[in-house]
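Since the structure comes first, as structure tokens, the remarks are kept for the end.
Read-outs: derived from the displayed coordinates by stated rules, not from any lab. None of these values were measured; they are calculated from a predicted model. With ideal geometry, Cβ positions are generated from the backbone for all residues, glycine too; neighbour counts draw on all protein chains shown.
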Amino acid sequence: MTLPEVMDAVEQDDFSAEMNLAAGTAAFRQALATHPLFRRLVELTKENPGEIVARIENISHRGIDIRYENPFDVALSAYLMALSESASPEAVSTAANAVLGTPQCWWASGIAHELALQPVGHRNSR
Amino acid sequence: MIFGEGGPADKASISLATSKNRPIPNTRLPERPSQALFAAKRLHAKGSRQLRSLRATYNCVGMVFANRRTFIEPEEIPAILQDDEYVEIIQAADVMPGDVVVYQNRATGAIVHVGIVLAAEGVFETRRIRVLSQFGRDGEYIHDLHDIPEFYGQPVFRFYSERRTSS
């Protein structure tokens, strides 16, 4: 799969529904980290982290119906986790801050909080 | 940054405690868009599963222990069971409607799901247990004990009850 194909797949409602089966935060992150789509996303992110950061920034500026959770919550989580595995600290920081400014995120904002708080030297160590 | 997320100072949480007044961290989650919930229904409403409700503001733990008002991490379950004096039911034949079923990862013991027993009928091979549970944030289903999404793996399950039959 190419990067656009993977990004399209992780932004679909079906992928969100699968990941939202998680009973809690640890299960959500574990399920995401081991999902084949995510592993492919990590590979592709290593080649072009800038495209993932740009996608996060694009999504973060979209208007949403604030009565509901951001429909990109799971996709943003996947992008952030992929960046945290392979991108530079600066790219991770830019992406985390963009997600922190994105309304109505739940899973993704938790990950962004942790990445924003993490000392730079501790990133990419998982 | 949110300090004390899920705790008493967090406006997104509700006041919640065990019977021994131990605070239960929790978070009220936003509802998910209807098209996302319908996608979840399309994926999960099959086999023995009967959809009861499509909401995403709580999880399975919040359904069982907080009357559907909030999201509680499954790591809180052991403390709740202990403080609320639940007792494990060893014999499956003793399981009754109203008891709690906890699904645990076979290898790690981590709690992956929890539900409430709705019906327990028959004996031995004909024993059939029906459970009401919220599948993550994907909606509430009435389902056979073993008929849960593959996402949860092949967990072991334990039953617990707060029932008292004598004072």
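Before moving on, here are some points about what is shown:
- In plain terms, if you count all Cα to Cα distances in the range B:51-117 and split them into 5 Å steps from zero, the share in each step is 3, 15, 24, 27, 18, 10, 2 percent.
- Taking every C-alpha pair closer than 8 Å and separated by at least 6 residues, the mean separation divided by the residue count of the range B:26-167 gives a relative contact order of 29 percent.
- The base-10 log of I(q)/I(0) for chain B, evaluated at q = 0.09, 0.16, 0.18, 0.20 Å⁻¹, reads -0.32, -0.98, -1.21, -1.40 [Debye formula, identical scatterers on Cα atoms, solvent excluded].
- The Stokes-Einstein estimate for the range A:3-122, based on a Kirkwood radius over Cα pairs and taken at 4 °C with 1.567 mPa s viscosity, is a diffusion coefficient of 92 µm²/s.
- At least 18 Å along the helix axis (C-alpha) and Kyte average at least -0.5, DSSP helices within chain A: A:73-86
- At most 14 other Cβ within 10 Å, DSSP loop - trypsin sites (Lys or Arg not before Pro), the range A:31-113: A:Arg62, A:Arg67
- Peptides ranked, highest mean first, by Cβ atoms within 10 Å: ranges B:139-149, B:81-91: B:139-149, B:81-91
- Listed values for the range B:117-128 are Karplus-derived 3J(HN,Hα) couplings in whole Hz (6.51 cos²θ - 1.76 cosθ + 1.60, θ = phi - 60°), namely 5, 9, 8, 9, 10, x, 10, 6, 5, 8, 4, 10, and x replaces Gly and Pro.
- Over the protein assembly as shown: Rg over Rh, Cα atoms, Kirkwood Rh: 1.00
- Shown here for the range B:110-159: trypsin sites (Lys or Arg not before Pro) in loop regions (DSSP other than H, G, I, E, B) with at most 14 other Cβ atoms within 10 Å, namely B:Arg127.
- The A:Leu117 and B:Ser48 beta-carbon pair, evaluated with R₀ = 30 Å, returns a calculated FRET efficiency of approximately 0.10.
- Extension reserve of the A:Glu57-A:Glu5 stretch, reckoned as 0.36 nm per residue once the Cα distance is removed: 16.9 nm
- Spin-label proximity, B:Ser15 to the range B:57-74 - amide N less than 19 Å from point 7 Å beyond Cα toward beta carbon: B:66-71
- Cα→Cβ-extended label distance, 7 Å offset, between B:Val156 and B:Asn67, nm: 3.5
- Tensor-based shape of the range B:45-90 (alpha-carbon gyration tensor, a/c under 1.5 rounded, otherwise prolate or oblate): oblate
- Distance between the 7 Å Cα→Cβ label points at B:Thr126 and A:Thr25: 4.9 nm.
- The range A:1-54 - Rg and Dmax from Cα coordinates, angstrom: 11.6, 33
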